[in-house]
Amino acid sequence: MRLLTALLIGLVFGLGIAISGMINPAKVLNFFDLAGTWDPSLAFVMGGALAVAIPGYRLVLARPAPAFEPRFQLPDTRVIDRRLVLGSATFGVGWGIAGFCPGGALPAIGTGDPAVFLFLAALIGGLFVARALQACSPARKPA
Amino acid sequence: METAFTPWASLGGGALIGLAAVLLMALHGRILGATGILSGLFRLDDLSDRRLRAALLVGMAAGPLVYLMATGQMPVIDLPISNLAVVVGGLIVGIGVSYGGGCTSGHGVCGNARFSRRSMVATVCFMATAFATVFVLRHVVGA
């Protein structure tokens, strides 16, 4: 049951990515190209997602616990540090180069497009590079 | 390369993305972030957690196939960039989301929907550098 609901939730997300156009790097890159072939569609994707998620989270998080788990797992760090700022800024550079973000690329696996696998292989490589770098440098105290 | 402005499809697709985030929180008590799903698949500590992430991933990848069944065509993926740019972009995205602790789905939708200051800062950072990167690549380097 837990795995079935997770599968269906993944499907809703994947359909949303496909229908919204987030799955298409050309469309994503055009959103960022204010000075050129600008396509404002992605602002509507974010708007639609937040219009549902803000009231939805409010209702859900007012409950004592989720349906299948003893408690909600929410990030408990509140620190705004260089790691967050520089990491996110770095992500934006890669997003601006390739036009895929992780949430766009995972559903895109289903299209079988070879470029998606190329992107994901590099992305996974990047995750491991970051893990190796973090293992070498002093980590933030565990929260 | 121009892409069509699709306000309604993008709004509707975005609403599905938001719905998926709310459902995952309501049932499983978790943030729906593509970075977390992907990096969690390569951890060896929590097996039941990995199964949940794998189920989400399979559901996501099924998105384009259900789209195909409903509309008769695969969602469009156009990459107006070289394979080298796909790899470089993917690597940078992987490193960035690892340090930044999330991407467009985790910070941009889920974090912002619960008014997390960390996520708001992250979103401003990655949007700013994505706009700047596309401007530089298309209008400075590529001009």
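The values are calculated or read from the model by the stated rules, or taken from the named source; none is laboratory data. Because the structure is predicted, anything quoted here is derived from the model rather than measured. Backbone-built Cβ (ideal geometry, glycine too); neighbour counts: all protein chains shown. For accessibility, only protein heavy atoms count, side chains too; no ligands or nucleic acids. Shrake-Rupley method; radii C 1.70, N 1.55, O 1.52, S 1.80 Å.
Considering segment B:115-143, and only residues there that are open to solvent by 70 Å² or more (accessible area, probe 1.4 Å) and outside any helix (DSSP H, G or I), the residue that is nearest to A:Leu86 (Cα to Cα) turns out to be B:Phe115.
Anything in segment B:92-109 that is of a type in the set (A, V, I, L, M, F, W, C) and either within 21 Å of A:Val129 (Cα to Cα) or more than 7 Å from every other protein chain (Cβ to nearest Cβ) (or both)? List them, or say none. Spell out how you get there, then give the answer.
Residues of segment B:92-109 that are of a type in the set (A, V, I, L, M, F, W, C), as a first pass: B:92-93, B:95, B:97, B:103, B:109.
Passing the criteria: B:Ile92, B:Val93, B:Ile95, B:Val97, B:Cys103.
Residues that are touching a helix residue (DSSP H, G or I) at 6+ places or on another chain (Cβ under 7 Å), part of a helix (DSSP H, G or I) and within 7 Å of chain B (Cβ to nearest Cβ) were ranked within segment A:19-40; the one that is farthest from B:Val93 (Cα to Cα) is A:Ile19.
Looking at segment B:43-55, which of the residues that are free of Cβ contacts under 8 Å to residues at least 24 places away in the same chain and facing chain A (nearest Cβ under 7 Å) is surrounded by the fewest Cβ atoms within 10 Å (Cβ to Cβ)? Quick ask: steps written out before the conclusion?
We begin by selecting, within segment B:43-55, every residue free of Cβ contacts under 8 Å to residues at least 24 places away in the same chain; these are B:43-51, B:53-55.
Restricting the remaining residues to those that are facing chain A (nearest Cβ under 7 Å) gives B:51, B:55.
On the way: B:Arg51: 13, B:Ala55: 19.
The selected residue is B:Arg51.
Selection of segment A:25-55 for residues being in contact (Cβ under 8 Å) with a residue 12 or more places away in the chain, more than 15 Å from B:Trp8 (Cβ to Cβ) and not aromatic (Phe, Trp, Tyr) yields A:Pro25, A:Ala26, A:Val28, A:Leu29.
Listed by position, the helices (runs of 4 or more DSSP H) inside segment A:41-112 whose residues that are more than 30 Å from B:Val86 (Cβ to Cβ) and open to solvent by less than 40 Å² (accessible area, probe 1.4 Å) number at least 3 are A:41-61.
Among the residues of segment B:4-35, those that are open to solvent by less than 30 Å² (accessible area, probe 1.4 Å) and either among the polar types (S, T, N, Q) or more than 7 Å from every other protein chain (Cβ to nearest Cβ) (or both) comprise B:Ser10, B:Gly33, B:Thr35.
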